[in-house]
1. Against the condition β-branched (Val, Ile, Thr) and touching a Phe, Trp or Tyr at 6+ places or on another chain (Cβ under 8 Å), how does B:ILE43 come out, does it pass?
2. Yes or no: A:ILE113 under 19 Å from A:THR246 (Cβ atoms), β-branched (Val, Ile, Thr) and surrounded by 23 or more Cβ atoms within 10 Å (Cβ to Cβ)?
3. Please work out which residue is surrounded by the most Cβ atoms within 10 Å (Cβ to Cβ), limiting yourself to region B:6-39 and to residues that are over 19 Å from B:ASN187 (Cα atoms) and in contact with a Pro (Cβ under 7 Å, 6 or more places away or on another chain).
4. Looking at A:GLY248, A:GLY226, which is the one that is of a type in the set (Gly, Ala, Ser) and in contact with a helix residue (DSSP H, G or I) (Cβ under 8 Å, 6 or more places away or on another chain)?
5. Please verify whether region A:117-130 includes one or more residues that are in a helix (DSSP H, G or I) and at pLDDT below 95.
6. For region B:244-292, how many residues meet the condition of being within 14 Å of chain A (Cβ to nearest Cβ), closer than 21 Å to B:LEU37 by Cβ and outside any helix (DSSP H, G or I)?
7. I'd like to check something: does region A:140-150 contain any residue that is surrounded by 17 or more Cβ atoms within 10 Å (Cβ to Cβ), in a helix (DSSP H, G or I) and of a type in the set (Gly, Ala, Ser)?
Amino acid sequence: MKSVPLKVVRNQEIAEETYEMILSGELVQEMNRPGTFLHIKIPSSHHVLRRPISIASVNQELGTCTLVYKCTGEGTRALTNVRPNDCLQVLGPLGGQGFPTEEPSTDQEVTLIGGGVGVPPMYFAARSLSERNIPFRVILGFQTEAAVFYEEAFKQLQAMDVTIMTDDGSYGEKGTVIDALQNLEQPSTYIYTCGPRGMLKAVKAAAQHDTTVYVSLEEHMGCGIGACFACVCKTEDETSYVKICTDGPVFQSNEVLL
Amino acid sequence: MSERLAVNLPGLSMKNPIMPASGCFGFGREFSELYDLSLLGAIAIKGTTGEQRFGNNTPRVAESPSGMLNSIGLQNPGAKSVRDNELPFLEQFDVPILANVSGSSPEEYVKVVNTLNEASNVGAFEVNISCPNVKTGGIQFGTDPEQAAMLTSLIKEATNKPVYVKLSPNVTDIAAIAKAVEHAGANGLSLINTLIGMRFDWRTKKPILANEKGGLSGPAVKPVALRMVYDVRQVTDLPIIGMGGIESAKDVIEFLIAGADAVAVGTANFTNPFACIEIIDELPTWLDQLNVNQVSELQRRGVVL
């Protein structure tokens, strides 16, 4: 883990209030685990907290990584103003545990479920599974058509199936990712999921007992390295806690109280 | 490291006047993977209570212009675990520890001091009478001069190590609290803790922090901190560890001018995890610019009354 400047190659809106940013630099060589994240300094002295943004993909040949973030407040708004050739101070890659894409074997199946801005780390996981020839299907949930992104990208990875759900039915099927999960004919061995906490909770509840579920948690973060205790989550038995930044951000669903 | 930066405070023989502030550095483990902790002047470890605490619900942090609110709620593993696991880990570094002591009752503060007292690397205690984020204790001892003095004397009776009292800015007259704890035997003062604040999410119309209110820190509070260090310096000769929004060597100089003897760096560790050592590196250049040879020359001489 290092704190270094990375050069911005691209920073463009790809869906409503959703931006894709490509960064280049040597630090990219260390980015190899889906589910891990970068802690990015907002280029303005008004912002004292970095923003944790998960890695959506990495291209080691070009030495670039891709992030997808949603503009939700003043910090991410400032990030949208960054231009190619600007540099961003990046700490990372952070996270002690990502999606364990090395765990499934080729005769097992993984269902990837992403909700909104929880979709990007699922794409990194999909690429990793694809490289290992693990069969996977994808369920993505968005509020509305304008918010949809990366459908084609997932399809190009030869997913068994890519299902898009929208809350208002303006694109794909109307409903939630849970509806799509329940419609699956056969449960998969693994579910990897990232999205709002309520969605993760519902995925955990809807999953079959013999399915192993990995969830990626999001929380307001301070240091990002485990020192400040800002981004904690209770363990399921409520006798202890985990630090999302260093113990996670990915946990097996029975480890944490969602 | 040059002698130019050395600062000697009761219990804390510091190579330089920079320490990370309590609560912003955990117990040092994470930062030890980034740089050699022996480079620091001292380390103020995370506020420790009698038993382990899980702290408040999340969100625990919220940003504000040039600052942040936090409401961690003193999450820590408890005094015994700090004594048995955290302090021994820090022994490998050549750096004195300022052990931050918190509690809900005077008995709990004394219990923490008793538990940590034998640790050889604890140079001094910092009594947290100003945590705004716990329901009982903490700040109630910091806003009433009599209670602050009572707690200070109890802790002084429990240890031979120097005792610094960390003062709350959430008072009308911080100098009065400073005088009260000085009379009660305090060996030094730390100031300021965070200022109580709130932020709301305009969409949900609810406070952003789960605990609703939290402590404001960062550059936003720096002028308040400087004013309070200045005010307290007018009424006491006790050593002062100044803090509040420090993020550069220039900020350090400003605190020394205001009356501090050493400083603590808090929020800046989150913005830039290398903040403390970068500040230490920059400090000699700033001394040169001021035609000052030693940091100690700046102590208590900056302000002409």
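The values are calculated or read from the model by the stated rules, or taken from the named source; none is laboratory data. Everything numeric here is computed off the predicted structure, so don't read it as measured data. All Cβ positions, even for glycine, are placed from backbone atoms using ideal geometry, and neighbour counts span all protein chains on display.
1. Values: β-branched (Val, Ile, Thr): yes; touching a Phe, Trp or Tyr at 6+ places or on another chain (Cβ under 8 Å): yes.
Criteria met by B:ILE43.
2. Details: under 19 Å from A:THR246 (Cβ atoms): no; β-branched (Val, Ile, Thr): yes; surrounded by 23 or more Cβ atoms within 10 Å (Cβ to Cβ): yes.
Answer is no for this residue.
3. Here the answer is B:PHE31.
4. Numbers: A:GLY248 fails: in contact with a helix residue (DSSP H, G or I) (Cβ under 8 Å, 6 or more places away or on another chain).
Just a single option satisfies the conditions, and that option is A:GLY226.
5. Here is the first cut: in region A:117-130, the residues in a helix (DSSP H, G or I) are A:117-130.
Checking the rest, the ones that are also at pLDDT below 95 come to A:117.
Checked against the condition, which is being in a helix (DSSP H, G or I) and at pLDDT below 95, region A:117-130 yields at least one hit.
6. If we filter region B:244-292 for residues that are within 14 Å of chain A (Cβ to nearest Cβ), which is where we start, we get B:244-248, B:250-251, B:265-278.
With the extra rule that they be closer than 21 Å to B:LEU37 by Cβ, the set shrinks to B:246-248, B:265-278.
Filter once more, so that each one left must be outside any helix (DSSP H, G or I): B:246-248, B:265-267, B:272-274.
Going through region B:244-292 one residue at a time, the tally reaches 9.
7. Within region A:140-150, the subset surrounded by 17 or more Cβ atoms within 10 Å (Cβ to Cβ) is A:140-142, A:147-150.
Those still in the list that are in a helix (DSSP H, G or I) too: A:147.
Now drop any that are not of a type in the set (Gly, Ala, Ser), which leaves A:147.
Yes, some residue in region A:140-150 is surrounded by 17 or more Cβ atoms within 10 Å (Cβ to Cβ), in a helix (DSSP H, G or I) and of a type in the set (Gly, Ala, Ser).
Per-residue answers, yes or no, for (1) touching a helix residue (DSSP H, G or I) at 6+ places or on another chain (Cβ under 7 Å); (2) closer than 23 Å to A:GLN97 by Cβ; (3) of a type in the set (A, V, I, L, M); (4) assigned by TED's automatic domain parsing to the domain that holds A:GLY75:
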| position | (1), (2), (3), (4) |
| --- | --- |
| A:ARG10 | no, no, no, yes |
| A:TYR19 | yes, no, no, yes |
| A:VAL28 | no, yes, yes, yes |
| A:MET31 | no, yes, yes, yes |
| A:GLY35 | yes, yes, no, yes |
| A:HIS47 | yes, no, no, yes |
| A:SER57 | yes, yes, no, yes |
| A:GLU61 | no, no, no, yes |
